[in-house]
Amino acid sequence: VRALPYGNDRLVAFTSNQSLPDVTDIARESRTMEHLGVYADMPFEMVDSSTPIEIKGSIVGGDVFPALAVEPAMGRYFTHVANETRSPEIVLSYGFWKSHLNGDQGAIGRKITLSGVVYEVVGVMPPAFHFPNGESQVWVPFTVAYPEAVEARGAHFTFGLGSLRPGATLEQARGEL
């Protein structure tokens, strides 16, 4: 048994797929959980030297990064604010940063175009970091990459994640839900 590579030992995950509006409601009303958000796998297309390549990524809504409690190696990650303002920000995996940006120390603020959207690099995660799905190379705000699902309560394709508030138990959170 290994510890998860996150700074938070009070992580909670929803066992069924959630919609962003449902998790937003839970986050607003919960007394037992904090830093709630959703994520889902999403492939992106990047044209590099005229040859399109598929980039494995995730769309992120809410406060998933704060729940994981892992600080970026460079820059910052985005929170629910980037989603609310629909800011086209992107957080890169360490591997993507090394292979596609040649480990450029000035990567923060650079522009990257994925699937026709121009994103501004705001952060690079540490080498050992990986999302719970284990495959994402980039993370972008849900509202930018998939805006039509933002208000769709029936769009149950995302995974919910958050953390227990100090003093709250898993049993209390289950009862609250």
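At a probe radius of 1.4 angstrom, the accessible area of the chain per residue rounds to 51 square angstrom.
Just the number: Rg to Rh for region 31-98, Cα atoms, Kirkwood Rh, two decimals. Could the numbers behind the result be given before it?
On the way: Rg = 13.9 Å, Rh = 13.6 Å.
Result: Rg/Rh = 1.02.
Annotation: amide H of Leu114 within the under-5 Å range of Tyr119, sequence separation 5 or more or interchain, hydrogens built in the peptide plane. With equal scatterers on the alpha carbons only and no solvent term, can you work out the Debye log10 of I(q)/I(0) for region 1-70 at 0.28 1/Å? Log10 I(q)/I(0), no solvent term: -1.29. For Arg110, the solvent-accessible surface computed with a 1.4 Å probe is close to 90 Å², ligands and nucleic acids excluded.
Counting only Cβ charges, +1 for Lys and Arg and -1 for Asp and Glu, the dipole size of region 112-177 around its Cα centre is about 140 debye. Here the contact order of region 72-177, divided by its residue count and restricted to Cα pairs under 8 Å and six or more residues apart, works out to 32 percent. Once the Cα atoms are used to define both axes, helix 20-29 deviates from the longest principal axis of the chain by about 50 degrees.
Toward the positive end of the charge dipole of the chain, with +1 on the Cβ of Lys and Arg and -1 on the Cβ of Asp and Glu, the farthest Cα among Val150, Gly109, Thr15 is that of Gly109. In this structure the amide hydrogen of Thr158, modeled in the peptide plane, comes within under 5 Å of the amide hydrogens of Gln18, none closer than 5 places in sequence on its chain.
For region 5-21 and region 73-142, compute the distance between their C-alpha centroids and round to whole Å. First find each Cα centre; the distance between them is then 20 Å. Kirkwood radius, region 68-153, all distinct C-alpha pairs, inverse of mean reciprocal distance: 13.3 Å. Counting only protein heavy atoms and using a 1.4 Å probe, the accessible area of His80 comes to about 70 Å². Model label sites at Ser99 and Asp41, defined 7 Å from Cα along the beta-carbon direction, differ in position by 1.6 nm. Rolling a 1.4 angstrom probe over region 23-78 with all protein chains present gives an accessible area of which 47% lies on carbon and sulfur atoms.
Along region 52-61 the Karplus relation, 6.51 cos²θ - 1.76 cosθ + 1.60 evaluated at θ = phi - 60°, assigns HN-Hα couplings of x, 10, 8, 10, 7, x, 9, 9, 10, x Hz to successive residues, with x for each Gly and Pro. A 1.4 Å probe, protein heavy atoms only, puts the accessible area of Met74 near 30 Å². Each residue of region 113-177 gets 163 Å³ once the volume of the Cα convex hull is shared out per residue.
Its alpha carbons considered, the chain gives a radius of gyration followed by a Dmax of 16.2, 54 Å.
The values are calculated or read from the model by the stated rules, or taken from the named source; none is laboratory data. Computed from a predicted model, the values in this text were never measured in an experiment. Neighbour counts run over all protein chains shown; Cβ positions are idealised from the backbone, glycine included. Areas reflect the complete protein model, heavy atoms only, side chains present, ligands, DNA and RNA absent. Shrake-Rupley method; radii C 1.70, N 1.55, O 1.52, S 1.80 Å.
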